[in-house]
Amino acid sequence: MKNTNSTYPNEVIFVRQQNSFNLPKEETEYLVEKRNDFDEIEKLVRFFPVKDGTIELKIVSPEYSKSYKHGDIYSISKKKSAGFSEVEQIVGTGIILNNIYKKNKDSFSILGSREYSDKINVAIHCLKTDSKQISSREKSVLGSYTQGDLNFDDLRGSGFFSLSCGKASDNLDYNFGEEFYLEVYLDDDTFRDLLSKIYHTEFEAIIVRCNLGNLKGVYAEKPTGIYTENGFITDGQAYKLLYEKADVSNYTEMPDYFGSVGSISKGNPFIVDVYYASKDLKKPKPNKARQTLKEHKQTLETLKFIGSNNKVNIIVLYILMFSTLLYLAVQFFE
């Protein structure tokens, strides 16, 4: 039975299939989306928890921002008396890129929705060295984590990211304004280094690559593609994010590892890289003054060549004229 509380037009159903074809257990449990009552579940697209999958985002115009907080806004009873703490981040819109391993672009959508997006809002946060121990209770980074909750034994070189989504508004015309968020947390030294690079005169873009494998609440079809000398070429992944378990009509039947999006990804590999404007290093372009000097030098050499040729021509002309006059004189006196 369809969940009437869901704001999405597609009904999301959890399916547990009998292992009659000797399939791996992980392939016998999946989610499907029904658009109408006539859809046959067996013929619908199957979405599994993502085991491995890398997204690549390009942020062209990142912005640095700074804010201040006092206490934990999610728990008024834990208000700090030490004053305000500083929160720094670099934010921007990430556009999903193609690469040699994907024939088509990846995309994101919320399970149950009919919209797709190739953009993700990216926020790169700075982890402070005075962070507290992370709480044992499960949280969503966007929903509950504050900077004081984040801590590692050795902050140098450490970091993690979180992927989440903004719930679509309830609209009778099914016009949904979906938002997707990637939050990256870097240690203080790495964040400072990144911040200095985005203000370089030749800065072009920040590239963020994240592996979504085993990230809770992220689903996709089994990837298809071909093996080539460049690796496994896929068709591009359509990633689906489950906003909350209640969006699944029979969510009570779902196992624990089928959950909603929002957990942090400590341990997942990711790269935050900076690209600069491309330059032709093999053929460096001379500056204007050097180019002008070279042109003047070439012109002078040309004039010298013409001048030397003119001298030779004048001498030859004098010889011819003298020979002619001598010949005429000899003829006259005879």
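Rule-based calculations on the coordinates, nothing more; no lab input. Just so we're clear, the structure is a prediction, and the values are computed from it rather than from any experiment. With ideal geometry, Cβ positions are generated from the backbone for all residues, glycine too; neighbour counts draw on all protein chains shown.
Here are some notes:
- Shape of the stretch 183-266, Cα gyration tensor, a/c cut at 1.5: oblate
- By the count of neighbouring beta-carbon atoms within 10 Å, fewest first, Met321, Met254 end up ordered Met321, Met254.
- Extension gain for Lys43-Lys245 works out to 70.4 nm (0.36 nm per residue, less the C-alpha to C-alpha distance).
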